[in-house]
Each structure stands twice: as C-alpha cells, then as structure tokens.
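Notes follow the structure.
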Amino acid sequence: MDPNTKSELVIQGIAASKGIAYGQVFLYLQSELEIPRYTVDPDKRVAEIARFEQALVVTRQQISQIQAQVTKNLSEEEALIFDAHQMVLEDQALIGETIRDFQKSGLNIETCFNAVAERYIKAFAEIDDEYLRERAADIKDVAKRVLHVLLGQTAGSLTQLVDKRIIVAQDISPSEAAGVDRSAALGIVTDGGSRTSHAVIVARSMKIPAVVGARNLTTRLQNGDWIMVDGYDGVVIVNPTEQTLFRYGKIEKAQKSFESRLMAVIEQPSRTLDGVDVPLRANIEKPDEVALVKQYRGEGVGLYRTEYLFLSAERIPTEEQQYAAYREIVSGLAPASVTIRTLDVGGDKPLPGDPHLIGPEANPFLGFRAIRMCLQNPGMFKNQLRAILRASAHGKVELMYPMISGADELDRANALLDEARAELKERGQAFDEQLRAGTMIEIPSAAIAGDVLAEKCDFFSIGTNDLIQYLLAIDRGNNRIAHLYDPAHPAVIRILKLIVDTGHAKKIKVSVCGEMAGDPLFAPLLLGLGVDELSMTPTLMPAVKFLIRAMKMSDARELAVAALAQTDPAKTYALIEAFYNERMKAV
Ligand code: PEP
Ligand code: MG
C-alpha cells in the first residue's frame, strides 16, 4: 500500500524506548487459546496428573532455553525475569490447587489449570502494588506456555517476523520479547504496558524504538500499514504525510547528532572553559563493569558497591573470593584508583547468605545496616578489610565506609582496619601502606558533625541518595511520596554546602557519588558548591562531561550562590535549567 494515500492519524502513547522508526506494520495478534473441556475417565486420572507434571517439566526446559538465549544476547539482569517464571512453575499452591480441583471435578487438566491460573492472575492484578501486579503478568505468561504444551501447540511467536517491520501488539510477554530478532524489528508498539514492563526493558536494551499504552491501536491497523514510531515523545503516527516524514527525518538527524556529539567528548579532558579539571569517576557494582568504565573513559571508580558480591552469592564470600573480585577490578583499571566501599547491606538489601544476621526489623532503613552490622560482626568485617587491603597491592585503592553516623563508629572501623593491616603484616602479605580511608556522608548527623569526622579520615564522599532520604524523611523507594524526594530542597543545598566547606576547612577531598552527580542539571550546582569530584554510572558521563566542557567554573559558583539564596525549589529548578539550557544551546 502506498504510505501516503490514507489520512494521517496521530496517537499519543507513552515513550518507552528512545529512537524513531518508520516502516510497515507487523500485526501480532495473540489469539485466545481454545481450551477443550471434557471429563477424564476414572482409570485415566493418574495418567492425566502425570501428563500435567510432564508439561511442567517441558515448560521449565523451554524457559531455561529462553533464559540462556537472553543471557547471551542481552544480559544476566534481563534474564532474571525468567527466574520469576521458573518460580511460578514451582509454586506448590498453584500446582496443588490444580490437582485438587482435578481430583474433585474429574475435568481435564487444561480446564482445571486454566481456571486456577485465572483466579491467581485476577487476585494479583487487583493488588495495589506494582511488583505484585507484575507477578500477574508472569503467571499469565507461564500459564499460556503450560497450556500450549498440554495442547501440543507451539506458542505464538514473534520469530515469524521476517521483514524489517514494526511490531504492533496488544502486549508482548517477556518470552515473546526475548524471541524478537533485533535485526528484523524496526520498532515496537503495544496497546497496553508501562515503561517498566519487561518487553520495554528488552526493547531498550536492544535499542529498538518503542511506544507503549497506544490503547486500541491494534484494532485500527492492518498488516502492511505504514507507521512512524517516535520513542522520544511516545507518539505513533499512522500514514504519516510527506511533511511529517520530512520533519521527523530532521528530528532524528538532530537527535543522532546530539547523541554522537555528546559521545564525541568522551575522548576529551573533563575541563571547564576556565581551565578547572573535574575528575569523573564511575559507580560500579560488578567486576565485569571495568570494560564499561574504560569505554566511557572514567577516571577510575569513585564507588564500588561491594554488597553485590554478597547479594548474588549463596553464602557470605570468603576473604579469598572477595580478594579475587577486588583484585580483578583494581588491576583492570590500574593506575587509575578504585574506591571500594565496605559492605552496605540491610535496609532494602537483605543478606541472602545469612538472613539471620540482620533479621526482620520494623524500620530497616533506620536499622541494623551497613557499618552498624559490620562493627557487630568484626570477624566478617575484617575478612573484607583484609581482602581490600590485599587488592591494594595490585593498583591504587581507596577504602570507604558507608552509613557512618558519628565519630565513634569511624574510630571503631579504623581500629579494625589497623588490626587487619597488622594481621596481613604478620602473614607477610603485601598491601599499600598509604591506602587512604574515607567516609561516606549520607546521614545528616555525619554532615553536621563533619568537622569531627574529617579529623579521622582522608576524604568525604557524599551519598546524596541516602542523605536526601534521611534529611527529608522520605523513603527513597516509596512511590507515594516520591514527589517529596527533592534534591532542590533548600535544606539539601545548604547541607551540601556545609559538607563541602567542612571537608575543605580540614583539607580533605569532597566528592559526590549519589545520583545527583550524574544528573547534568545538578552537576554544575555541585561543582559550584565546591565539590571536587563526581562519580556516576558510566553511561551518564558523556552528558555531564559535555556540560563541564561548555561551562565556566566561575559561572557555576555564581549559580551556587544564587541557589543558596533561594528558598523555593521551583525557582532553584528554574535557575539550574536556565544554566543548563544556556550551555547546551550550541549542541
Ligand atoms: C547514596 O546513598 O547516595 C549512595 C551512593 O549509596 P547507595 O545508593 O548505594 O545507598
Ligand atoms: Mg547510600
């Protein structure tokens, strides 16, 4: 069909994965499964249960295969969703209820399983909690697979997608999304879905433009129709006119050149127009991120969150296991330095290796977490300190304690560090005698009494994520109060200034490793307040470096003075946005 003979139709959905795609529609309509209903003869009932159990085994194998494929093509993280799917298959309540229903009714197992699964899906879908609602989607996806296996049908699959087409579907399950051939799919549009649905996460990681929430688009299109997907603004345009195509061509070119111009700065020094160097360091969670740090030219690591090593293991890792992981990062990045943060579990990060170590608490964020837990488990803590010290023999290491609230904790942590040093000397194992130990400033008491802490450590690193949470009393993970979590609150800006001034008065370096550091709107404000270094997710570095190279530090200082004088966060935003827009005008 000629693209321009029909009139143009613009549909506003939700932007889910950046980029613009133009092409013909591949309508993916998952047909409702037809489930036969019959009574199973009493003498065949044992065999019917065996048939059900066999279908569960086959489904499990199918999911493992998809999981392996996703791990290979995307990442382990993306493949985690399939762990949730395997858990559905192991859910004794779901399976037991199906078998009980079958024994009671004598109806074929597909009918019983479908009825039980639908009850579960309905119950989960009605819960006012996004995480649990996602479980409804998991059960739906898995149940469909089991039913296909029981009925001897192959599941609807996007692998039939051959041409370069834009997939338009009511919704796409994680298994279906995993089957998408990235070279064949130009874009993805779904009637339903949210920005956090798994299909969208997969689309983003494959860099396929996507729009979700396009309501009933599937009913308004036919295979082969021409559409444009604008993944920046969440718009779908059916039968775009020549003018629209021309306009979008320009937008796409401008976006691509914006992104490539940002990327182009990664080879350049992180230096302001008036000649001030600002080290940009990386936040990492795992040794395999060393390559990413190098790709984005990070000047070493400003925050290595060691807890991920503990969270992904079944038991608490030994000194040797920790040493191996730390050494891999340190030697991989040498001579650049790596700031290794000691264990920060508890709060929203329970310790799977030993759940009893922390246990249930009424207020986990105010509870037995991070340094508090380590100081009460000195044996475990010293294992980590020795592992970090030993890694320092292979490059440049700094050590940092999380969640310090006062001088006593810092004294006790430093005393254990001294013991760890002495033990290594006794063992004859090498480490850097000059290793510097700093503290994170992420609790208001540490900020206010920072002068006492600065006497006892070598640097400060501000954890704005927790600092804002504790300063404003806003749980950083709670959606209902997310709008109150405001980095532009005057109390936040004032406390940042206090921390920087306190550190500098005592002649120690002050860096920021919370999310504010990687936000190009806030980075100039932090630098203007006097922050010496910024540490962020590597992929955020190009945008922040671009801005640093386009600004003068003297202007950033003026911005900070103006922001400190402000009491209305909306006006502070206006100030920092104007600063940003002015510098980005040239891009
Ligand atoms: C912070 O609190 O800002 C921080 C960097 O630590 P985390 O996000 O790991 O708590
Ligand atoms: Mg923190």
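The values are calculated or read from the model by the stated rules, or taken from the named source; none is laboratory data. Every value quoted in this text rests on a predicted model; they were computed, and no experiment measured them. Every residue, glycine as well, gets a Cβ built from its backbone with ideal geometry; the counts of neighbours run over all protein chains shown. Note: areas computed on protein heavy atoms with side chains; ligands, DNA, RNA excluded. Shrake-Rupley method; radii C 1.70, N 1.55, O 1.52, S 1.80 Å.
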- May I ask you to list the residues in the stretch 223-272 that are assigned to a helix (DSSP H, G or I) and of a type in the set (Lys, Arg)? Arg247, Lys250, Lys253, Lys256, Arg261
- Note on the structure: Looking across the stretch 1-57 at residues that are among the hydroxyl-bearing types (Ser, Thr, Tyr), at pLDDT below 90 and open to solvent by 30 Å² or more (accessible area, probe 1.4 Å), the single one that is farthest from Asn114 (Cα to Cα) is Thr5
- Message: Restricting to the stretch 545-573, name every residue that is acidic (Asp, Glu) and closer than 23 Å to Gly275 by Cβ.
- Response: Asp555, Glu558
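Matching residues to (1) within 16 Å of ligand 2 (Cβ to nearest atom); (2) of a type in the set (Phe, Trp, Tyr); (3) assigned to a helix (DSSP H, G or I); (4) open to solvent by 70 Å² or more (accessible area, probe 1.4 Å):
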| residue | (1), (2), (3), (4) |
| --- | --- |
| Pro317 | no, no, no, no |
| Glu320 | no, no, yes, yes |
| Gly332 | no, no, yes, no |
| Pro335 | no, no, no, yes |
| Ile340 | yes, no, no, no |
| Leu343 | yes, no, no, no |
| Pro360 | no, no, no, yes |
| Phe368 | yes, yes, no, no |
| Arg372 | yes, no, yes, no |
- Item | Out of Thr572, Thr539, sole residue that is β-branched (Val, Ile, Thr) and within 24 Å of Glu299 (Cβ to Cβ) | Thr539
- Note on the structure: Of the residues in the stretch 399-457, those that are of a type in the set (A, V, I, L, M, F, W, C), within 15 Å of Asp344 (Cβ to Cβ) and either open to solvent by 10 Å² or more (accessible area, probe 1.4 Å) or away from ligand 1 (no atom under 16 Å from the Cβ) (or both) come to Ala413, Ile443
- Task: Considering only the stretch 44-62, state which residues are touching a helix residue (DSSP H, G or I) at 6+ places or on another chain (Cβ under 8 Å) and within 18 Å of Gly152 (Cβ to Cβ).
- Result: Glu48, Ile49, Arg51, Phe52, Ala55, Leu56, Val58, Thr59, Arg60, Gln62
- Among (1) within 16 Å of ligand 2 (Cβ to nearest atom); (2) under 17 Å from Ile340 (Cβ atoms), the one test that Ser405 misses: (2)
- Query: In this structure, does Pro364 turn out to be within 16 Å of ligand 1 (Cβ to nearest atom) and assigned by TED's automatic domain parsing to the domain that holds Ala336?
  - Reply: yes
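Let's see how each residue does on (1) open to solvent by 70 Å² or more (accessible area, probe 1.4 Å); (2) outside the structural domain of Pro524 (by TED's automatic domain parsing); (3) away from ligand 2 (no atom under 16 Å from the Cβ); (4) out of contact with any helix residue (DSSP H, G or I) (no Cβ under 8 Å at 6 or more places or on another chain):
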{"position": "Ile188", "(1), (2), (3), (4)": "no, yes, yes, no"}
{"position": "Val212", "(1), (2), (3), (4)": "no, yes, yes, no"}
{"position": "Trp226", "(1), (2), (3), (4)": "no, yes, yes, yes"}
{"position": "Phe246", "(1), (2), (3), (4)": "yes, yes, yes, yes"}
{"position": "Lys250", "(1), (2), (3), (4)": "yes, yes, yes, yes"}
{"position": "Ser270", "(1), (2), (3), (4)": "no, yes, yes, no"}
{"position": "Ile284", "(1), (2), (3), (4)": "no, no, no, no"}
{"position": "Glu289", "(1), (2), (3), (4)": "no, no, yes, no"}
- Query: In the stretch 116-149, how many residues are among the hydrophobic types (A, V, I, L, M, F, W, C), without any contact (Cβ under 8 Å) to a residue 60 or more places away in the chain and open to solvent by 40 Å² or more (accessible area, probe 1.4 Å)?
  - Reply: 5
- Being in a loop (DSSP other than H, G, I, E, B) and either aromatic (Phe, Trp, Tyr) or buried (at least 20 other Cβ atoms within 10 Å of the Cβ) (or both) is the filter here, so list the residues in the stretch 377-398 that pass it. Gly395
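Per-residue answers, yes or no, for (1) within 28 Å of the chain's Cα centre (by Cα); (2) modelled with pLDDT under 95:
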position	(1), (2)
Asn479	yes, yes
Tyr485	yes, yes
Arg494	no, no
Val500	no, no
Gly518	yes, yes
Leu521	yes, yes
Pro542	yes, yes
Ile548	yes, no
- Scan the stretch 291-315 for residues that are in a loop (DSSP other than H, G, I, E, B) and surrounded by fewer than 22 Cβ atoms within 10 Å (Cβ to Cβ) and jot them down. Tyr296, Arg297, Glu299, Ser312, Ala313, Glu314, Arg315
